[in-house]
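*Asks:* Next up is a structure, given as structure tokens.
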Amino acid sequence: MRIFSALLIGMIFGVGIAISGMANPAKVLNFFDIAGTWDPSLIFVMGGALVTTAIGYRLVFGARAAPLLDKSFIVPTSKVIDARLVGGSALFGVGWGIAGFCPGGAIPALGLGYSQTFIFVAAMIGGIVIARTLQMTILKPAAA
């Protein structure tokens with residue numbers, strides 16, 4: 001049931017990304033081109049997502065002690081703003097601005113079959129592997 005619900009939620013998210021045009025990197029890049037072909041529609045997509053999320057969190061966390069298909073909610077507990085958070089956020093933003101894709105938009109865009117999408121997703125997976133390898137070898141997490 002958990003896998004089915006994750007698949008269903010992922011499909012709904014992907015349809016939303018496709019309908020909003022966020023699977024099209026040109027549309028995203030036009031949002032960043034303030035002096036040229038600026039397209040402000042991304043602001044409305046993000047605003048709609050924030051409003052929906054805020055309402056959803058309020059309803060779900062107010063009504064339930066645990067999710068339907070798990071033992072507890074998994075939410076971030078750290079409120080620390082450190083170099084890893086800032087650096088990762090900056091790297092994400094730069095990559096998004098260069099490629100016009102973020103992971104949430106790239107995965108549904110794979111269905112369009114464009115080679116640039118496959119290249120982006122392959123590079124993203126490579127980056128994840130490199131980051132995890134570095135994290136495990138250089139940072140060596142503290143033993144519990």
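*Asks:* Do you know which residues across segment 1-46 are small (Gly, Ala, Ser) and either at positive phi or in contact with a Phe, Trp or Tyr (Cβ under 9 Å, 6 or more places away or on another chain) (or both)?
*Replies:* 20, 21, 23, 41
*Asks:* Another question about this same structure. State which residue pairs qualify: first residue more than 17 Å from residue 128 (Cα to Cα) and inside segment 92-111, second residue exposed (fewer than 13 other Cβ atoms within 10 Å of the Cβ) in any location, beta carbons under 7 Å apart, and separation of 6 or more residues or different chains.
*Replies:* 100/26
*Asks:* Could you check segment 1-109 for helices (runs of 4 or more DSSP H) lying wholly inside it with 2 or more residues that are under 19 Å from the mean Cα position of the chain (by Cα), hydrophobic (A, V, I, L, M, F, W, C) and loosely packed, with under 14 Cβ neighbours inside 10 Å?
*Replies:* Per the criteria, 2-20, 41-63, 83-99.
*Asks:* Give 33, 39, 70, 82 a once-over and let me know the one that is among the charged types (D, E, K, R) and in contact (Cβ under 8 Å) with a residue 60 or more places away in the chain.
*Replies:* Exactly one residue qualifies, and that residue is 70.
A short reminder: the numbers here are calculations on the coordinates, not readings from a lab. In this text, all values refer to a predicted model and were calculated from it rather than measured experimentally. Glycine gets a Cβ as well: all are built from the backbone with ideal geometry, and neighbour counts include every protein chain shown.
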